[in-house]
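Participant: For reference, the structure I am asking about is given below.
The values are calculated or read from the model by the stated rules, or taken from the named source; none is laboratory data. Note that the structure is a prediction, hence the values are computed from the model and not measured. FYI the Cβ positions are ideal-geometry reconstructions off the backbone, even for glycines, and counts take in every protein chain you see. For accessibility, only protein heavy atoms count, side chains too; no ligands or nucleic acids. Shrake-Rupley method; radii C 1.70, N 1.55, O 1.52, S 1.80 Å.
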Amino acid sequence: MASNSSNVQHREPKFHEIITSFDDGKIDMLAATSVLQQKASDIRSQKVNWQSYFQSQMISQEDFQFITQFDVPDREKREELLQRDRLQCAQTFLNLLGHVSKDQTLQYILVLADDMLQEEHSRVEIFHEYAHKKKESVWGPFLNLLNRQDGFITNMTSRIIAKIACWSHTPMERSDLHFYLTWLKDQLKMQYDNLVASLARVDALRGASGEQPLELFKEASFSIDEPQKHDEMTNNEYIQSVGRCLQMMLRIDEYRFAFVSVDGISTLLSVLSGRVNFQIQYQLIFCLWVLTFNPLLAEKMNKFNVILILADILSDSVKEKVTRIILAVFRNLIEKPEDPQVSKEHCIAMVQSKVLKQLAILEQRKFEDEDVTADVEFLTERLQSSVQDLSSFDEYATEIKSGRLEWSPVHKSKFWRENAQRLNEKNYELLRILIHLLETSKDPLVLSVASFDIGEYVRHYPRGKTVIEQLGGKQLVMQLLAHEDPNVRYEALLAVQKLMVHNWEYLGKQLEKEQSSEKPTSKVVTGKA
């Protein structure tokens, strides 16, 4: 245990070092979002004619004077102006954002504001000071811009909101935070859905020309980094920007719980389960990694099936940065939970997800980052240790919870003779999962194994039939008698037979009791059923 504690202490500074570098601009927020950066660069070169806005009385004289003095290349002059007139800065920017309607000008104002904050992070307090003085919300003017149709405006606004929310001493209020995180989550899902639709269109075009789908996927998914090469990608160019905002927000504990409350983890994993390139994989897994630094969230994380999903990505990953961040998540899922039983369950889930096999492969590779090697060694040791302590029931429970049933050794009569009654534990947790798989899975193998297990449970637990009926399992098994797959039909038929045979045996025993007793035992029968 002392060794583990030491490792945790060693790794925490690494986490804060990354986050600090992120904030200081060493890891430029725009660097991984080439589309937004390129557009911002283009917009900076298109100066706004502030004189025309003033002459047409679209902006006040105060705002005109400030913005013309501020909108200059000389950083020292801008700093001097801000030192002299901080609150006028906030007032001018908020007035311009609230009254200018032309998209091109709004884009320029937002880039100007974003550059100002990037130059000096403490400037976010300018907006808070102004809002406090006016007794107004600092968030309202920015959140309103998220409803605009222009993608650059909404995503640059989102970036500014993230900076103010993360760099300020004043946290974002709950209702505004909920609105913003919901917007980020919805944007992520929408951008991903657009990406899937775009890839499907490209699939259709390339399929007609005879190109292989795998090669198409490689080209299309990586084209997000260079969207100009494919018109189909233009609707998806800001997905990395959304990811960057989440990477910032989720480093703050209060924001983590708020994100979880809007079903954020499920959205991250939904996108990661699909076809996205390595940069998006890295960003979203980074978000999961940050979440796992909270012990409570680390304990609950695998309820979303995160280990299985990341294990699949790990087996396919060719990028060291993706491998590194997945291993870091796995390590946190073992180290961070305060309940040792949860850490054990996470180890078992990793074993069940074939992570040990991937670790063996990674041990043969050389990595530039020494943390990767350390994580591989740590995980290998912990997983191998958990395998030695693994009971057959632990193995079975992990397989059921993974949802990936197969004809593994635990699906044997000996196992059921010894463990059938244990499926009643935790309010029939494992049985409920089995029955849920019967209802939702499309995989014939899963349906076959689940049907077999239902039948074995009934066969080896005297009151199993009643439990299965109450949980709705009997009807689902009977529906599988008409399944298109012959193996599913066969296992369903055997399960139904076990359900019926169990009932006949039970009724036979009751009949014998009734014949040997003078008093009717209907009440006793009812009580035992």
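Participant: If you go through the stretch 318-328 one residue at a time, do you hit one that is hydroxyl-bearing (Ser, Thr, Tyr) and part of a helix (DSSP H, G or I)?
Facilitator: The answer is yes; a qualifying residue exists.
Participant: Oh, and also: From the set of residues in the stretch 174-197 that are open to solvent by 40 Å² or more (accessible area, probe 1.4 Å) and among the aliphatic types (A, V, I, L, M), which is nearest to Phe142 (Cα to Cα)?
Facilitator: So, considering only residues that are open to solvent by 40 Å² or more (accessible area, probe 1.4 Å) and among the aliphatic types (A, V, I, L, M), the one nearest to Phe142 (Cα to Cα) is Met190.
Participant: Within the group Ser413, Ser392, Ser451, Ser385, which residue is open to solvent by less than 40 Å² (accessible area, probe 1.4 Å) and small (Gly, Ala, Ser)?
Facilitator: Ser451
Participant: Would you say Gln510 is at pLDDT below 60, assigned to a helix (DSSP H, G or I) and either in contact with a helix residue (DSSP H, G or I) (Cβ under 8 Å, 6 or more places away or on another chain) or open to solvent by less than 50 Å² (accessible area, probe 1.4 Å) (or both)?
Facilitator: For Gln510, the condition - at pLDDT below 60, assigned to a helix (DSSP H, G or I) and either in contact with a helix residue (DSSP H, G or I) (Cβ under 8 Å, 6 or more places away or on another chain) or open to solvent by less than 50 Å² (accessible area, probe 1.4 Å) (or both) - is met.
Participant: Here is a further query. Take the residues of the stretch 264-314 that are touching a helix residue (DSSP H, G or I) at 6+ places or on another chain (Cβ under 7 Å) and among the charged types (D, E, K, R): which is farthest from Leu184 (Cα to Cα)?
Facilitator: This residue is Glu299.
Participant: Only residues that are in contact with a Cys (Cβ under 8 Å, 6 or more places away or on another chain) and open to solvent by 10 Å² or more (accessible area, probe 1.4 Å): list them for the stretch 235-257, please.
Facilitator: Once the filter is applied, which keeps residues that are in contact with a Cys (Cβ under 8 Å, 6 or more places away or on another chain) and open to solvent by 10 Å² or more (accessible area, probe 1.4 Å), the stretch 235-257 yields Arg251, Ile252.
Participant: Has the stretch 464-481 got at least one residue that is open to solvent by 50 Å² or more (accessible area, probe 1.4 Å), closer than 16 Å to Ala420 by Cα, of a type outside the set (Lys, Arg) and touching a helix residue (DSSP H, G or I) at 6+ places or on another chain (Cβ under 9 Å)?
Facilitator: Scanning the stretch 464-481 turns up no residue that is open to solvent by 50 Å² or more (accessible area, probe 1.4 Å), closer than 16 Å to Ala420 by Cα, of a type outside the set (Lys, Arg) and touching a helix residue (DSSP H, G or I) at 6+ places or on another chain (Cβ under 9 Å).
Participant: Give Leu494, Leu405, Leu431, Leu481 a once-over and let me know the one that is part of a helix (DSSP H, G or I) and under 30 Å from Ile309 (Cβ atoms).
Facilitator: So the residue among Leu494, Leu405, Leu431, Leu481 that is part of a helix (DSSP H, G or I) and under 30 Å from Ile309 (Cβ atoms) is Leu431.
Participant: What is the residue count in the stretch 301-328 for residues that are touching a residue at least 12 places away in the same chain (Cβ under 8 Å), surrounded by fewer than 16 Cβ atoms within 10 Å (Cβ to Cβ) and more than 16 Å from Ile280 (Cα to Cα)?
Facilitator: Total meeting the criteria: 1.
Participant: Are any residues in the stretch 130-142 loosely packed, with under 15 Cβ neighbours inside 10 Å, under 20 Å from Arg159 (Cα atoms) and not small (Gly, Ala, Ser), and if so, which ones?
Facilitator: Once the filter is applied, which keeps residues that are loosely packed, with under 15 Cβ neighbours inside 10 Å, under 20 Å from Arg159 (Cα atoms) and not small (Gly, Ala, Ser), the stretch 130-142 yields nothing.
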